[in-house]
Amino acid sequence: MSMSRLSGVDDLNEMYESIILDHYRNPRNLKKLASPDLEKDVNNPFCGDELSIQLNIENDVVTDLSVSGNGCAISQSSGSLLAESVINLTKIQILELIVNVRKMMRGEDISEEIRDSLGDIEALEGVKKFPVRIKCALLGWTGLEDLIQD
Amino acid sequence: MSVNIDSVRKDFPILGRSVNGKKLVYLDNAATSQKPKIVIDSITEYYTKYNSNVHRGVHTLSMEATEAYENARFKVAKLINAPEDCIIWTRNATESLNLVASSWGLNNISAEQNIIITNAEHHSNLVTWQQISKKTGCELRYIDISNGFEMSNLKNILDKNTALVSITHISNVLGYVTPISDIVSLIKKMNLDTKILVDAAQSVPHMPLDVNDLGIDFLAFSAHKMMGPTGIGVLYGKKELLLNMEPYMFGGDMIIEVSYEGAKWNELPYKFEAGTPNIAGGISTGVAVDYLLNIGMENIWKHEVDLTNYALEKFSQFKNFTVLGNNLNHPRGGVISFVHKSIHPHDIGTILDKQGIAIRTGHHCAMPLVRSYGTSAAARVSFYIYNTFNEVDLFFEAIKDVEDYFL
């Protein structure tokens, strides 16, 4: 975290958690796939956030995935967290994960067990205090959901 | 005369509030302005003391309401030096533009003609003419004003078939002021039949403007950007044009006589004002006009230009920030849009909001223009008479924090 005089502003730091800023500065799995089985570009024209999702899938398991794009720290870090979290999961496991991410963002009660399963994704929870930014956080997850349900 | 900004600020109750524990610094005036207490009070006064419908009752309340409402129209007419019956109340500048498009455009523009707009128009003055182009088959031509308005760019595309030039007076993204008077002279030399519409949403609130001097055909603006309420706007049109235009909407108030077989239209401006209007909105807009004229449009303009020059100078010290519309020699109003090399406008907006500073982020209802700068969103500060140099300083302190936080 920086030396900024804003570093004492709690809810700001909750949204821009160090994990979030780390993913924003160094996004994971950016590299485009050589021959993706599925791909989709999602964007939020209102904000100008864009993500491009590609994935390879074998027997219903995501074997490789790439997420790249342009936009705010929240949309991009959320995309990077996604890219890190879903490889080697089955479609059903991914859909379940997306349901849980949504629940967390809506501020619904989630069990400790689910919380544990979210891992680093939990860092996105601070965004729920900034309602206009929730859409940014969910952009990639919504895109992935559409992609594997199609 | 110089204006005491501190005393102006006292007229605006909202400027006394705090946001996130900090004193509000409101720099989103191009989106909407704040309202002085007298404007807010005039709305309460109408509903408390003489609420009634206009133009139809013989009772005292209705007569009082009609008088106040029409008096406001008179004030707006004086503000832009237009005849009263050429001032049409609409919902906002957008509706004013749509009124011209539907009522005049669809009936007067043919497939072999063309319409000229700039590449910096607000969606309301762009999508509207795209639709008229699709419906009539006419060509829509663009003047690129990204680096400022160049008369030769207009000259190159203006011809005998140009039915309309519809142009922003001050771009809500770039802040450039277009030289309307020179534009009108050029057009009139080329083709006396070409009509000129000015989108004055960002200019009427901030500078002196005289439609008669300018010689334009239509002018559109919104009350809420000039200290008035939302939900009411104005269309000015030249009388001979308005007289020959068909109504935009049908219903009460816009007719003089109705039978089961047909109807005759009311006189100007009522022909274009179907249904019970926004009475409180009209009345309080009149109060806003009085308030603006009391400060003086020249004074407002000068203060905002000073603030803008001060802010542009400060921006030049931040190497990672780029101002959109970087022609610093071009005349400009109090609007500055900017992008950061790596930090997204939304993140900038959130950090500033935490310090009580309200700015706009996004595409500013001018998507193709913002995209032409290779970005899908920008941040924007925009000033009004109540903004201070100290607020500009606070903004730049917060801008430093943005970089400290993210880089």
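Worth a mention:
- Protein-protein interface of the stretch A:45-65, residues with accessible area decrease of at least 40 Å², isolated chain reference, 1.4 Å probe: A:Pro45, A:Phe46, A:Cys47
- Sequence-distant residues sharing a close amide H with B:Asn114 (under 5 Å, placed H): B:Glu139, B:Thr162, B:Ala163, B:Leu164
- Contact order normalised by residue count of the stretch A:3-149, Cα under 8 Å, 6+ apart, percent: 28 percent
- The stretch B:1-151 - accessible surface per residue (Å², probe 1.4 Å): 47 Å²
- The rule of thumb for compact globular proteins, 2.2 N^0.38 Å, goes into the C-alpha radius of gyration of chain B 1.01 times.
- Ranked by the mean number of other Cβ atoms within 10 Å of their residues, highest first, the peptides B:163-171, A:33-41 fall in the order B:163-171, A:33-41.
- Selected from B:His122, B:Ile80, B:Leu312, residue furthest toward positive end of dipole (the protein assembly as shown; charges at beta carbon): B:Ile80
- For the stretch B:296-407, the solvent-accessible area works out to 35 Å² per residue, with a probe of 1.4 Å and every protein chain left in place.
- In Hz, Karplus ³J(HN,Hα) per residue of the stretch B:143-149 (6.51, -1.76, 1.60; θ = phi - 60°; x = Gly, Pro): 9, 7, 10, 4, 9, x, 7
- Charge dipole magnitude, Cβ of K and R +1, D and E -1 - the stretch B:120-220, Cα centre, debye nearest 20: 300 debye
- Net +/- balance of residues flanking B:Leu79 in space, Cβ distance below 12 Å, scoring K and R +1, D and E -1: 0
- Summing Lys and Arg as +1 and Asp and Glu as -1 over all other residues whose Cβ lies under 15 Å from the Cβ of B:Ile295 gives a net charge of 0.
- Inter-part distance where the stretch B:193-208 and the stretch B:345-407 are each reduced to a Cα centre, Å: 26 Å
- The GNM of chain A, with springs linking C-alpha atoms under 10 angstrom apart, assigns the highest mean-square fluctuation among A:Ile20, A:Ile53, A:Ile87 to A:Ile87.
- Put a plus charge on the Cβ of each Lys and Arg, a minus charge on the Cβ of each Asp and Glu, and nothing anywhere else: the dipole of the stretch A:1-140 about its Cα centre is then about 520 debye.
- Among the residues of B:373-384, the average count of other protein chain beta-carbon atoms within 10 Å of the residue beta-carbon is 2.
- Neighbourhood net charge (15 Å Cβ-Cβ; Lys/Arg +1, Asp/Glu -1) for A:Asn56: -1
- Derived from the Cα gyration tensor, the three semi-axes of the equivalent ellipsoid of the stretch B:95-167 are 20, 15, 9 Å, largest first.
- A simple rule links phi to the HN-Hα coupling: the Karplus curve 6.51 cos²θ - 1.76 cosθ + 1.60 with θ = phi - 60°, which for the stretch B:392-406 gives 5, 4, 4, 4, 6, 5, 5, 5, 4, 4, 4, 5, 4, 6, 9 Hz, with x for Gly and Pro.
- The helix-based estimate of mean residue ellipticity at 222 nm for chain A, built from -39,500 (n - 2.57) per DSSP H run of four or more residues and divided by its residue count, is -14000 deg cm²/dmol to the nearest 500.
- Of the residues A:Phe46, A:Ile74, A:Ser111, the one whose Cα sits farthest toward the positive end of the charge dipole of the stretch A:36-150, with +1 on the Cβ of Lys and Arg and -1 on the Cβ of Asp and Glu, is A:Phe46.
- Inter-chain Cβ neighbour count for B:110-116, averaged per residue, equals 0 (cutoff 10 Å, partner chain atoms only).
- Per-residue mean of C-beta atoms belonging to partner chains within 10 Å, peptide B:344-352: 6
- Karplus (6.51, -1.76, 1.60) ³J(HN,Hα), θ = phi - 60°, over the stretch B:228-243, in Hz, Gly and Pro reported as x: x, x, 6, x, 9, x, 9, 10, 9, x, 5, 4, 5, 6, 4, 4
- Out-of-range pairs (alpha-carbon distance over 24 Å; input B:Lys78/B:Lys239; A:Lys31/B:Lys400; B:Lys225/B:Lys319; B:Lys10/B:Lys302; A:Lys128/B:Lys400; B:Lys341/B:Lys400): A:Lys31/B:Lys400; B:Lys225/B:Lys319; A:Lys128/B:Lys400
- Share of carbon and sulfur in the accessible area of the protein assembly as shown stands at 49%, probe radius 1.4 Å.
- With each label modelled as a point 7 angstrom along the Cα→C-beta vector, the B:Arg56-B:Lys189 pair spans 5.2 nm.
- The stretch A:9-150: equivalent-ellipsoid semi-axes (sqrt of 5 x gyration tensor eigenvalues, Cα, Å): 23, 18, 13
- Between 0 and 90 degrees, the angle of helix A:131-149 with respect to the longest Cα principal axis of chain A falls at about 10 degrees.
- If R0 is taken as 35 Å, the Cβ-Cβ distance between A:Asp146 and B:Lys134 corresponds to a FRET efficiency of 0.70.
- Difference of contour (0.36 nm per residue) and Cα-Cα distance, A:Lys31 to A:Phe46: 2.8 nm
- For the protein assembly as shown, a crude dipole built from +1 on the beta carbon of Lys and Arg and -1 on the beta carbon of Asp and Glu, taken about the Cα centre, is about 1180 debye to the nearest 20.
- Remark: chain A carries 48 Å² of accessible area per residue (probe radius 1.4 Å; ligands, DNA and RNA excluded).
- Total accessible surface hidden between B and A, rounded to 100 Å², 1.4 Å probe: 1900 Å²
The values are calculated or read from the model by the stated rules, or taken from the named source; none is laboratory data. No experiment lies behind these values; they were computed from the predicted model shown. All Cβ positions, glycine included, derive from the backbone under ideal geometry; neighbour counts span all protein chains shown. Heads up: the accessible areas ignore ligands, DNA and RNA and are worked out on the full protein's heavy atoms, side chains in. Shrake-Rupley method; radii C 1.70, N 1.55, O 1.52, S 1.80 Å.
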